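Enquirer: Below: one structure in structure tokens.
The values are calculated or read from the model by the stated rules, or taken from the named source; none is laboratory data. Treat the numbers as computed from the prediction; the structure is a model and nothing was measured. Neighbour counts run over all protein chains shown; Cβ positions are idealised from the backbone, glycine included. The protein model used for the area step is the full one, side chains on, heavy atoms only, and it has no ligands, DNA or RNA in it. Shrake-Rupley method; radii C 1.70, N 1.55, O 1.52, S 1.80 Å.
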Amino acid sequence: SFLDTNLHCELASSHLALLDSLAKLTNSEYIKGKVSKTAAEYTKRNWQTGEGPDKGNVFNLQVAKYWTYYLDNTADPLQAILHLYDTGVQDVFQNKTKDYANETYPTITRATLGAIYQVALQTITGVIRHETYGVTKDKDSLLRTLTHTTDILLRAVNPLKTWRNRTILKAVLKYSKPILDHFLRHGMPLLDDCFRRKNLECLNIIKTLQVSTRYMHVICNSTKLDRGDIALANYVPLLKKSLESTVYRVEAMLAANNCADAFWMGNLKNRDLEGEEILSQSVVDNGDGGEEEEDDEPDAEGVEEEEEEEMDGEEGEDGPDSVKYDD
């Protein structure tokens, strides 16, 4: 078959584009399944040239197309993205070798991670856009979607504590806002509705999201102080607004359900992406050695050890279902 004999990465993209066009023209689920299966095979191929493993900007673009066609045509894109992060992405983050490629998906390397983040997070925003809250909607299905979304966000953000590049940071800063905004518009009303019936599941969603948003604050703070990258910094104000709105909306929801004791806030010191303490923006601007202003942002790793244990669901002084949300 053509799939087995094709040896060129750009030709593979053209092959997928043709299949995808046929699937859209015929509206055939069978052809759509073939697109997904073919794209998956291409993502698992160890692409080679006469000089060794294929790489470079052109190759990265083709890899992004493979994953786009796969996620656009698979039956459950959110589950597929979870599998992508669990099987491929986290493995590459954990291996410090520069040219390391994942064994299951050789197309996932440090060089292609930025493109994969872009595709995965963009796909999430497209999927959840159609998952809107309503009194007649299937609440259990929406809750599963919300759980998958927060789980993916955690898997996307957490590894950045060990390694990241500009393309990955851009994808996180750009697409986290629409994900959080959807959570505020549709996820929170859903949690309001389901909290009394499934309070543990709802609390787990909030806890998972909190871990992600804490490090998003760190990314925002570090990006804000990097004056050499205005393009990235432009994403910060709107994302921070969404992060702050999330904090107060969660607080209001828990208070409305008589769980105010399960929620408390604390001011933590600002840290950069490496976990080092940084001065506030005002001190950097003035440079006069004056008093540092407290910036009420969450810190990714600046909590005490017992607080981390409480976030993991262990019983603290406020009970096993307490949620720590730093502001």
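Enquirer: Name the long-range amide H neighbours of ASP226: under 5 Å, sequence gap of 5 or more, or other chain; modelled H, no Pro or chain starts.
Expert: Under 5 Å from the amide H of ASP226: no residue qualifies.
Enquirer: Under 25 Å from the Cα of LYS161, which lysines turn up, not counting those fewer than eight places away in the same chain?
Expert: Answer for LYS161, where 25 Å is the Cα cut-off: LYS96, LYS98, LYS170, LYS174, LYS177, LYS207, LYS224, LYS240, LYS241, LYS269, LYS324, listed by chain and number.
Enquirer: Now a separate question. Calculate what fraction, in whole %, of the accessible area of the range 167-251 sits on carbon and sulfur atoms when a 1.4 Å probe is rolled over the protein chains.
Expert: Details: 1750 of 3310 Å².
Percent of accessible area from carbon and sulfur atoms in the range 167-251: 53.
Enquirer: Is any residue of the range 60-85 close enough, with backbone N under 20 Å, to a label point placed 7 angstrom from the Cα of GLU29 along the Cα-Cβ axis, and if so, which?
Expert: 70-80
Enquirer: Quick one: accessible surface of PHE59, probe radius 1.4 Å, all protein chains present, in square angstrom to the nearest 10.
Expert: Here the accessible area works out near 20 Å².
Enquirer: OK, next. For the range 1-49, state which chymotrypsin sites (Phe, Trp or Tyr not before Pro) are in a DSSP loop and have at most 15 other beta carbons lying within 10 Å of their beta carbon.
Expert: none
Enquirer: For the residue pair GLU41 and THR132, what label-to-label distance in nm results when each label sits 7 Å from Cα along the Cα-to-beta-carbon direction?
Expert: Once both label points are built, they end up 3.9 nm from each other.
Enquirer: Express in nm, to one decimal, how much length is gained between ARG197 and GLN90 on full extension, taking 0.36 nm for each residue of separation and deducting their alpha carbon distance.
Expert: Working: separation 107, 0.36 × 107 = 38.52 nm, distance 3.39 nm.
The ARG197-GLN90 span can extend by a further 35.1 nm.
Enquirer: Ok, one more. Among the trypsin sites (Lys or Arg not before Pro) in the range 15-53, which ones are in a DSSP loop with at most 16 other Cβ atoms within 10 Å of the Cβ? Mind listing them?
Expert: Here the sparse-neighbourhood loop sites are LYS44.
Enquirer: Compare THR246, THR147 by solvent-accessible area with a 1.4 Å probe and give them largest first, with all protein chains kept in place. Write out the running numbers ahead of the final one.
Expert: Values: THR246 0, THR147 40 Å².
From most accessible down to least: THR147, THR246.
Enquirer: Using the basic label-point model (7 angstrom from Cα toward the beta carbon), what is the LEU22 to LYS241 distance in nanometres?
Expert: 4.7 nm
Enquirer: Next question. Where the accessible area of the range 31-91 is counted over protein heavy atoms with a 1.4 Å probe, how much of it, in %, is carbon and sulfur? The partial results should precede the final answer.
Expert: Values: 1360 of 2850 Å².
Ligands and nucleic acids excluded, carbon and sulfur give 48 percent.
Enquirer: Another question, if that's okay. Rounded to the nearest 0.05, what FRET efficiency do GLN48 and ASN234 have when you use their Cβ-Cβ distance and R0 = 51 Å? Spell out each step's value before the answer.
Expert: Details: r = 39 Å, r/R0 = 0.77.
Using R0 = 51 Å, I get an efficiency of 0.85.
Enquirer: Could you compute how much accessible surface HIS15 exposes when probed at 1.4 Å, giving the result in Å² to the nearest 10?
Expert: Solvent-accessible area, nearest 10 Å²: 40 Å².
Enquirer: Could you derive backbone 3J(HN,Hα) for the range 124-137 from the dihedral phi with the Karplus parameters 6.51, -1.76 and 1.60 (θ = phi - 60°), listing whole Hz in sequence and x where the residue is Gly or Pro?
Expert: Computed from phi, the couplings for the range 124-137 are 4, 4, x, 5, 6, 4, 8, 9, 9, 6, x, 5, 9, 7 Hz.
Enquirer: I would also like to ask the following. Simple spin-label model, 7 Å along Cα-to-Cβ: ASP99 to ASN158 in nm?
Expert: Label at ASP99, label at ASN158, 3.2 nm between them.
Enquirer: While we're looking at this one, here's another question. Given Cα pairs under 8 Å that are at least 6 residues apart, what percent is the relative contact order of the range 111-186? Walk me through the numbers on the way to the answer.
Expert: Working: 38 pairs, mean separation 42.9, N = 76.
Here the relative contact order equals 56 percent.
Enquirer: With a 10 Å radius around each residue's Cβ, average the other Cβ atoms per peptide and rank 90-103, 71-84, highest first. Could the numbers behind the result be given before it?
Expert: Working: 90-103: 14.6, 71-84: 18.7.
Ranked from most to least packed, the peptides come out as 71-84, 90-103.
Enquirer: Per residue, how much accessible surface does the range 82-208 expose to a 1.4 Å probe? Answer in Å², no decimals.
Expert: Values: 5450 Å² over 127 residues.
Value for the range 82-208: 43 Å² per residue.
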